[in-house]
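So the structure is just underneath, and the comments pick up after that.
The values are calculated or read from the model by the stated rules, or taken from the named source; none is laboratory data. All figures in this text were calculated on a predicted structure; none of them were measured in a lab. Please note: Cβ atoms are built from the backbone with ideal geometry, for glycine as well, and neighbour counts cover all protein chains shown.
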Amino acid sequence: MKHFLYFVACLLIGFYACSSPTTVNLDSQSILNLTEGIWRGVLNIGNDTNPLEIPFNFEVVNDQKIVIHNGDEHIEVTDINYNEKNNSFSIKMPVFGSEFKLVNHQNRWEGEWYNYNKKDYKIPFEAINNTPERFQSTGTSTEVIALEKRWKVTFSPNTENSYPAIGLFNILENGKATGTFLTQTGDYRYLEGALNGKELKLSCFDGAHAFLFKATLQDDGSLKGDFWSGNHWHEPWVAVPDETFELVPMNQLTYLKEGYDKLAFRFPTINGDTISLEDERFQGKPTIVQITGTWCPNCMDETRFLVDVYKKYQHKGLEIIAIDYEVVNDFNTFQKNATRIKKHLGIEYPIVFGGPAKKSEAVKTLPMLNHIMSYPTAIFIDKNGVIKEIHTGFSGPGTGDLYQEYVDKTIALVEKMLAE
């Protein structure tokens, strides 16, 4: 009997010695069960003496799905990977090359956001569950001030780097605010925030850009504020209400230089083949050439529009080519990024590699253009190879009526080119 008990004891000791510690199982349970509901995330771009944060809201739907909210934009994120050993996990953003690396403390996360499109770029991040307010109120005023919807904006006023924009704001009865800024090179997409007393705050996070806008309503009815893009850019801005202010039309900014009569190029595709406008596929067909980048949110908005245009008009003879310029001037990087965005956005037209995204370098690949001023830029070419229009920038869906105006005019241009 003693020998039998000794044998059982040794067996139990061996069993426990080979088993994982109980704490690992508890960690596994907590990491595999993210707390569902609405969260408030903040990117900390300030310091100890000047704290500053870019907030945004997101919903944890389940362990493999998070939805980020920016006004009317809802970004589904499903690439979530767990490490049970230290209760950590990563969230990889779709389309753009960025990632959160976090530690889960049940109702609180902490870690960093890495933007791989910039060298050694990361921002501290934390998130709190059950916090639906994007901007937490610091004042006692509950009055919602009426704010004009359309503004003439000047960024970096009274400097040589000054540039204009159209500000579009919508204030709801509860003080919640949405809006955007449209510049000559594109818009700042979906912004969301609040008007608290005379303080306007707007922000967004889309995986590529992290924006924060603050402004104070002045006694003369103007706005005076600041704009931050991540932790690398800050500039002041001012605005006055103006229903009639317009930017230079987008079809008057980029053009063929003297001595050139057409666009010409030959670039490699994702598969390593090459494409040129001289290829038989494009002969006698109206073609849109899109200058784009996989790192560019405005380009993503334009691409979604062009995907729909291609589906509607391809059978009538329309062709589209996307020339992708990458932050990292490397063909393998292009292949990886272009393949990802092609799959995510359902692109059926060819994507080719143009080279580096730096505008001064990119224009060398298309020397017939006066410049590459904006990502995106769309070049509309008729059946005879004649450039009909060049659209610099893009008025995205965040601009509301201006987006619909762009869509209507562009569709009319495409149909006219097909009918000629």
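One table, with the values for the structure above:
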| quantity | calculated |
| --- | --- |
| Filtered residues of the stretch 177-203 (kept if more than 20 Å from Leu52 (Cβ to Cβ), among the hydroxyl-bearing types (Ser, Thr, Tyr) and crowded, with 23+ Cβ neighbours inside 10 Å) | Thr180, Tyr190 |
| Residues located in the stretch 49-72, provided they are among the β-branched types (Val, Ile, Thr), at pLDDT 95 or above and either over 16 Å from the mean Cα position of the chain (by Cα) or under 10 Å from Glu36 (Cα atoms) (or both) | Val60, Val61, Ile66 |
| Test: Ser360 is closer than 21 Å to Leu253 by Cβ and either over 24 Å from the mean Cα position of the chain (by Cα) or assigned to a loop (DSSP other than H, G, I, E, B) (or both) | no |
| Criterion (within 23 Å of the chain's Cα centre (by Cα), among the hydroxyl-bearing types (Ser, Thr, Tyr) and in a loop (DSSP other than H, G, I, E, B)) met by exactly one of Tyr403, Tyr349 | Tyr349 |
| Any chance Asn174 is outside any strand (DSSP E or B), surrounded by fewer than 22 Cβ atoms within 10 Å (Cβ to Cβ) and not charged (D, E, K, R) | yes |
| Among (1) in contact (Cβ under 8 Å) with a residue 60 or more places away in the chain; (2) of a type in the set (Ser, Thr, Tyr); (3) within 18 Å of Glu53 (Cα to Cα), the one test that Tyr114 misses | (1) |
| Matching entry among Gly186, Gly179, Gly175 (being within 30 Å of Asn117 (Cα to Cα) and touching a strand residue (DSSP E or B) at 6+ places or on another chain (Cβ under 6 Å)) | Gly179 |
| Looking only at the stretch 98-155, and only at residues there that are assigned by TED's automatic domain parsing to the domain that holds Trp39, of a type in the set (Phe, Trp, Tyr) and under 20 Å from His69 (Cβ atoms), the one that is farthest from the chain's Cα centre (by Cα) | Trp109 |
| Scan of the stretch 184-203 for residues that are under 16 Å from Trp228 (Cβ atoms), in contact (Cβ under 8 Å) with a residue 60 or more places away in the chain and of a type outside the set (Lys, Arg), ordered by number | Tyr188, Leu191, Glu192, Glu199, Ser203 |
| Selected residue (criterion: surrounded by the most Cβ atoms within 10 Å (Cβ to Cβ)) from residues of the stretch 258-310 that are closer than 25 Å to Lys416 by Cβ and of a type in the set (Asp, Glu) | Glu302 |
| Residue that is nearest to Gly355 (Cα to Cα), among those in the stretch 311-343 that are assigned to a loop (DSSP other than H, G, I, E, B) and not aliphatic (A, V, I, L, M) | Asn329 |
| Filter result for Gly259 (within 28 Å of the chain's Cα centre (by Cα) and over 20 Å from Lys358 (Cα atoms)) | no |
| Residue pairs meeting the criteria (Cβ under 8 Å; at least 6 apart or on separate chains; first under 25 Å from His315 (Cβ atoms), in the stretch 287-302; second among the charged types (D, E, K, R) and surrounded by 24 or more Cβ atoms within 10 Å (Cβ to Cβ)) | Gln290/Glu302; Thr292/Glu302; Thr292/Asp324 |
